[in-house]
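Peer 1: One structure, as structure tokens, below. Some questions next.
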Amino acid sequence: MQPSVSLLFCLSAAATAATSLKSPSLVVQNEKELEQAAAINQVTPARYFRHDSFHTRYDSRFAEKQLGYDEQIWALKNLTRHYLATLNSIGIETWLMHNTLLGWWWGKQVLPWEPSLNVQVSEPGIFFLAKYHNMSVHQFRIPATRQRRYYLLDISPVYNVREPAAESDTVDARWIDMESGLFIDINVVRYNLTHPEGKGMMSCKDGSAVKDTFLFPLRDTTFEGVPAKIPYRYRELLAAEYGVDALIKGDRENHLYSNDQSEWVRKEKKDL
């Protein structure tokens with residue numbers, strides 16, 4: 001689908017704002033600020049992000065059908081590359097988590113069978129994006145083709161609510177391919193002053209929690225051929241979430257990992 005004129009207008013406005021503003025620091029240091037932010041949890045938000053009926057990983061505003069295997073992988077790769085490039089250009093740190101981090105572990109690419117993509121940003125980062133870049137549309141020309149792709153940065157109106165109510169969103173923002181409806185979930189990591197494990201614990205609306213020393217300092221790497229960041233203790237985080245076998249067994253979801261090609265290869269029907 002082609003973006004509307006009103007959405008395209010946001011592109012130039014967001015670009016102007018990005019050239020004149022500095023990005024925020026990675027984390028809020030003042031505990032008073034954290035307490036004030038925590039006090040925002042006085043509302044009961046309704047669900048903002050919707051899914052298409054045929055697949056939970058497609059946005060119903062843009063999706064018309066589920067893509068085929070090869071087409072979906074191609075779209076996911078470009079979706080990820082342009083997200084990372086855009087936030088790097090804006091000056092907001094973002095890092096790979098969950099399935100996306102597992103994909104990085106195996107060849108620094110998206111998992112071919114998994115349309116779910118997850119990244120995180122800091123609380124100051126989402127406030128900056130919401131203020132200056134919400135609903136901005138970003139246009140990219142795909143290398144080696146004449147195609148143009150449009151991506152929407154869509155931030156939930158309750159991004160500043162720290163804990164979701166029942167039936168509300170567990171993500172704070174999405175980076176959406178306006179052609180296919182595929183998207184990246186963006187979660188905000190916030191310091192949790194009341195976490196039972198004490199000081200330094202951070203959590204997201206999706207229920208995940210992590211010690212800040214497991215995340216920071218972030219490590220520089222590449223993902224899908226572009227600069228990216230990952231948590232400091234990435235291996236321990238992956239092992240805790242998926243188990244050690246997920247890090248060493250190269251036979252999953254009807255795919256085999258090829259060390260020669262450094263990527264997952266789909267099994268032929270005769271091999272299943």
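The values are calculated or read from the model by the stated rules, or taken from the named source; none is laboratory data. Since we're looking at a predicted model, the values are computed, not measured. A quick note on method: Cβ atoms are made from the backbone with ideal geometry, for glycine too, and the neighbour counts reach across all protein chains shown.
Peer 1: Give just the number: which of (1) over 17 Å from the mean Cα position of the chain (by Cα); (2) of a type outside the set (Asp, Glu); (3) modelled with pLDDT of 95 or more does ALA228 not satisfy?
Peer 2: Failing condition for ALA228: (1).
Peer 1: Go through the residues of the stretch 129-148 one by one and say whether even a single one is β-branched (Val, Ile, Thr), more than 21 Å from ARG81 (Cβ to Cβ), over 15 Å from the mean Cα position of the chain (by Cα) and part of a loop (DSSP other than H, G, I, E, B).
Peer 2: Residues of the stretch 129-148 that are β-branched (Val, Ile, Thr), as a first pass: 137, 142, 145.
Next cut, more than 21 Å from ARG81 (Cβ to Cβ) only: none.
There is no residue in the stretch 129-148 that is β-branched (Val, Ile, Thr), more than 21 Å from ARG81 (Cβ to Cβ), over 15 Å from the mean Cα position of the chain (by Cα) and part of a loop (DSSP other than H, G, I, E, B).
Peer 1: Suppose the filter is at pLDDT 95 or above, over 18 Å from the mean Cα position of the chain (by Cα) and basic (Lys, Arg); does ARG219 pass it?
Peer 2: For ARG219, the condition - at pLDDT 95 or above, over 18 Å from the mean Cα position of the chain (by Cα) and basic (Lys, Arg) - is not met.
Peer 1: Just for strands (runs of 3 or more DSSP E) wholly inside the stretch 50-127: which have at least 1 residues that are among the polar types (S, T, N, Q), at pLDDT below 95 and surrounded by fewer than 19 Cβ atoms within 10 Å (Cβ to Cβ)? Spell out how you get there, then give the answer.
Peer 2: Details: elements: 55-59, 94-96, 118-122.
Where strands (runs of 3 or more DSSP E) fall fully within the stretch 50-127 and carry at least 1 residues being among the polar types (S, T, N, Q), at pLDDT below 95 and surrounded by fewer than 19 Cβ atoms within 10 Å (Cβ to Cβ), they are 55-59.
The rows are residues; the columns are (1) among the hydrophobic types (A, V, I, L, M, F, W, C); (2) touching a Pro at 6+ places or on another chain (Cβ under 8 Å); (3) under 19 Å from TRP95 (Cα atoms); (4) not in a helix (DSSP H, G or I).
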| site | (1), (2), (3), (4) |
| --- | --- |
| TYR151 | no, no, yes, yes |
| THR170 | no, yes, yes, yes |
| THR194 | no, no, no, yes |
| LYS205 | no, yes, yes, yes |
| PRO217 | no, no, yes, yes |
| PRO227 | no, no, yes, yes |
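Peer 1: So is GLU241 farther than 21 Å from TRP113 by Cα, of a type outside the set (A, V, I, L, M, F, W, C), at pLDDT 95 or above and part of a helix (DSSP H, G or I) or not?
Peer 2: No.
Peer 1: With respect to ALA18, is the statement that it is in a helix (DSSP H, G or I) and modelled with pLDDT under 95 true?
Peer 2: yes
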